[in-house]
Amino acid sequence: MTVPETVAQPGSGVETDTGPGLPEAAEVTTAATAETAAPATAEALRPHAEHAFADELTALAAADDRPRPARWRLSPWAVATYLLGGTLPDGTVITPKYVGPRRIVEVAVTTLATDRALLLLGVPGTAKTWVSEHLAAAVSGDSTLLVQGTAGTPEEAVRYGWNYARLLADGPSRDALVPSPVMRAMSRGATARVEELTRIPADVQDSLITILSEKTLPVPELGEEVQAVPGFNLIATANDRDRGVNELSSALRRRFNTVVLPLPATPDAEVEIVARRVDQIGRSLDLPAVPAGAAEIRRVVTVFRELRDGVTTDGRTKVKSPSGTLSTAEAISVVTGGLALAAHFGDGVLRPGDIAAGILGAVVRDPAADRVVWQEYLETVVRERDGWKDFYRACREVSA
């Protein structure tokens, strides 16, 4: 299967395929069609990054005068600015999508500009999927070329499948071929994403080896192949807790440059992340503004960090850690649920009673062991802490 030539349509700013290539059924949505679909996605509960932050991406593209790798929408510098935030010369404010070490983002962006794929590794809740989506949106303008990894992910999800009606009627043909998101990314020179790579069976994982090393996807049924065009790369995510489930083979791991996303380094950084994401989610759900619950957000973060670290913030008291991860993502979920309770069954102000049940559900995953850990933390830490009496009573009430 020969690689289609690409030509720019005058005035469109996008590329279309001409000549032999993937069948029409296999073509992916171009930037032009994505723009025409924008009015519909504007009402989506969670728009894709390229739609939700379209104004920022447009402003960055207009101000970006640095060299861009083939088929990139922005330069590596602009992609990093999009992730980390900043202010453009015209005064446009780019909101941070990731709060963390700048060097981590720079290494991740630089990796995508090379011939090595990117593996984002970390414990659950460290924003791996979030960073993956925004990287793809900034680089390719399309974050939807996604393979979701599960224990049942088949090889067809990574390589290609078949339209069985056409296959039975006409035999193997280009028209019967159903390309995977990875194959479509290869033919377009775009960024593909594979979520939860270590959850995918090992034999399916290894189907990526030829794609990442040779930049080629053979289609033996047709005696052809798809060759990746410049701009193609792949971002995979995996979490540390999945080690040993379907460990990556050494051959596949060598094809990736691994970037570890850490948990937030300080309480203030984690509070900022939680507040920012809760505010974004809350606006889409018409929930109260985050400032009304700032004190409770800090309380949730404090509880999660102390149980996660096994020691109180002042370093004086050691505590037992529960079986769950108590990640930043779970803190966001607890606060969002609390805001919903406050909005619909309270006065709109986030209070301890609104977050107590959410914290209990996040901490107590193992009903036997984790409940003991939580009760001990309540009695030895929360009960004795100044200003936490109302929180202690609310937690005792839902824990009874």
Assigned charges on the beta-carbon of Lys, Arg, Asp, Glu; the range 345-400 dipole about Cα centre (debye): 40 debye
Interchain or sequence-distant (5+) residues whose placed amide H lies within less than 5 Å of the amide H of Leu119 are Ala236, Asn257, Thr258, Val259
Can you pick out the pairs among Lys97/Lys320; Lys97/Lys318; Lys318/Lys389 whose Cα atoms lie more than 30 Å from each other? Lys97/Lys320; Lys97/Lys318
Placed amide H near Val178: partners under 5 Å, 5+ positions off or other chain: Gly161, Trp162, Asn163
Starting at 0 and stepping by 5 Å, how many percent of the alpha carbon pairs of the range 297-366 end up in each bin? 3, 18, 26, 21, 16, 9, 5, 1
Starting from 0.36 nm per residue, how many nanometres of slack lie between His344 and Arg385 once their C-alpha separation is accounted for? 11.8 nm
Have a look at the DSSP beta bridges in the chain and tell me what percent are antiparallel, nearest 5. 45 percent
What residue among Ala63, Leu222, Ile355 has its Cα farthest toward the positive end of the dipole of the chain, where the charges are +1 on Lys, Arg and -1 on Asp, Glu, each on the Cβ? Ile355
With unit charges on the beta carbon (Lys/Arg positive, Asp/Glu negative), name the residue among Leu248, Ile281, Val319 whose Cα is farthest towards the positive pole of the charge dipole of the range 220-320. Val319
What are the ³J(HN,Hα) values, in whole Hz, obtained from phi via the Karplus relation 6.51 cos²θ - 1.76 cosθ + 1.60 with θ = phi - 60°, for each residue of the range 383-400 in sequence order, with x given for Gly and Pro? 4, 8, 8, 5, x, 10, 4, 5, 5, 4, 5, 5, 5, 5, 5, 7, 8, 5
Determine how large the accessible area of His48 is when every protein chain is in place; take a 1.4 Å probe and give Å² rounded to the nearest 10. 80 Å²
Extension gain, Asp366 back to Ser173 (0.36 nm per residue minus Cα-Cα distance, nm): 64.3 nm
Treating only the Cβ atoms of Lys and Arg (+1) and Asp and Glu (-1) as charged, compute the dipole magnitude of the chain about its Cα centre; round to the nearest 20 debye. 1200 debye
Amide H contacts of Glu224 (H built 1.01 Å from N, under 5 Å, at least 5 apart or other chain): Val219
Using every Cα-Cα pair within the chain, state what percent have a distance larger than 42 Å. 21 percent
Work through the residues other than Thr312 whose Cβ is under 15 Å from its Cβ and net out their charges, Lys, Arg +1 and Asp, Glu -1. +2
Contour excess over end-to-end distance, with Cα ends at Trp162 and Thr210 and 0.36 nm allotted per residue: 15.2 nm
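The values are calculated or read from the model by the stated rules, or taken from the named source; none is laboratory data. Since the structure is predicted, the reported quantities are computational estimates derived from the model, not experimental observations. Here Cβ is always computed from backbone atoms with ideal geometry, including for glycine, and neighbour counts include all displayed protein chains. Heads up: the accessible areas ignore ligands, DNA and RNA and are worked out on the full protein's heavy atoms, side chains in. Shrake-Rupley method; radii C 1.70, N 1.55, O 1.52, S 1.80 Å.
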